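A short worksheet on the structure shown next.
The values are calculated or read from the model by the stated rules, or taken from the named source; none is laboratory data. This structure is a prediction, so every number in the text was calculated from the model and none was measured. Virtual Cβ from ideal backbone geometry, glycine too; neighbours counted across all protein chains shown.
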Amino acid sequence: MDPIIVTGAALVEAALLDDTLVPPDPPPNLEPGETRDLRQRMARFSPPETHSHRRAAVDAAAAELTVYPFAAAARDRSAAILGATDDARFDAIERLGLAVPVEVVALALGVPEPDLVGVRHDVRSIAEVIGRQQRSSPASDHATARLLQRFGGDTPAGVATVSLLYQTHDATAALFGSHLLARRRDEARRSAVAATIRCATAATMIGSTAIPRGATVSVDLDSTGFEFGVGPHACPGRAIAERIVAGMLDAIDAVDFELCVDDVEWQPDGRPRTLPMTRVGERS
Ligand code: HEM
């Protein structure tokens, strides 16, 4: 059955505040194992019964980080990557977007510099499975186990901290990309996140639309101004993400690279998959 699409700010807010609409069960790509168990214990995917205490652990983990200088750290790390790049052309999403935010959050969590790349690879491994629906594997299960072991073990605090890194990975790359693209094209920025999915545990009404029990609902975050969600699951990392992206954009502004809009590869939802940058003056 196709998902029921909920759009318009008032209806989106109603859907995300409706307790009968809960995050979806794990998809079939998640085989039993550590990666699946982690997803099942994340606030992000928890129904109301378990969400509030898991969310409290996430808020506590995020609160520990607020004094960290995210913008300066993201600017410096981006500048170092840009300074070290010999290529005339590179993909800003891969080289910066999927690297700098996770590394900066890991730094804020106290990860030592030599371990950053390993942590980033582990976070990517779980993001590909939990977020992008690739098959779980021994590699993603080992990545999960290593991350939990590093950040407090298999405890609510450990899961909350790994959740922060997981949520940082793809969403902050998308936020960075959406800013870069909008600035280059001189147009309004598109929301970094298109939609969030809920499943109806009981029949409910959203405005005048009847949602039957068991239906899947796609809640439109694109055109409604709720890029960071709303209600109990609203993003607790917003301020951190915005500071990181501001620092990354500062670093881009300071170098002679330019986005090649004509060469962007697109995803089916119209968002960029790659953002190729070339050194100014070296475009063929
Ligand atoms: C440092 C970066 C980030 C961190 C640490 C972070 C953390 C989180 C966490 C832990 C949740 C789950 C909250 C819960 O279910 O109670 C969440 C939800 C969410 N985040 Fe973030 N996030 C980050 C970046 C972003 C960015 C850049 C965006 C989009 C621009 C975003 C959009 C959202 C949305 C829409 C939700 C709600 C999902 C839903 O209701 O289903 N996040 N975030």
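Things worth noting here:
- Inside the stretch 63-81, residues that are of a type outside the set (D, E, K, R), in a helix (DSSP H, G or I) and surrounded by fewer than 20 Cβ atoms within 10 Å (Cβ to Cβ) make up a count of 7.
- Summed over the stretch 180-217, residues that are of a type in the set (Ser, Thr, Tyr) and within 11 Å of the ligand (Cβ to nearest atom) total 2.
- For the stretch 260-284, the tally of residues that are under 24 Å from Ala72 (Cα atoms) and among the charged types (D, E, K, R) stands at 1.
- Filtered residue count, the stretch 1-39, keeping only those that are within 13 Å of the ligand (Cβ to nearest atom) and within 22 Å of the chain's Cα centre (by Cα): 12
- Taken over the stretch 212-228, the criterion of being over 15 Å from Glu13 (Cα atoms) and touching an Asp or Glu at 6+ places or on another chain (Cβ under 9 Å) is satisfied by Thr216 alone.
- Residue within the stretch 240-259 that is outside any loop (DSSP other than H, G, I, E, B) and over 24 Å from Ala72 (Cα atoms) present: no
- Residue match in the stretch 191-200 (condition: in a loop (DSSP other than H, G, I, E, B) and under 19 Å from Asp91 (Cβ atoms)): yes
- The condition of being polar (S, T, N, Q), assigned to a helix (DSSP H, G or I) and either in contact with a helix residue (DSSP H, G or I) (Cβ under 9 Å, 6 or more places away or on another chain) or at pLDDT 95 or above (or both) holds for Ser140.
- You will find that of Ala145, Ala171, Ala160, the residue that is within 16 Å of the ligand (Cβ to nearest atom), surrounded by fewer than 23 Cβ atoms within 10 Å (Cβ to Cβ) and either within 14 Å of the chain's Cα centre (by Cα) or in contact (Cβ under 8 Å) with a residue 40 or more places away in the chain (or both) is Ala171 and no other.
- Residue within the stretch 188-202 that is surrounded by fewer than 22 Cβ atoms within 10 Å (Cβ to Cβ), among the β-branched types (Val, Ile, Thr) and within 22 Å of Ala246 (Cα to Cα) present: yes
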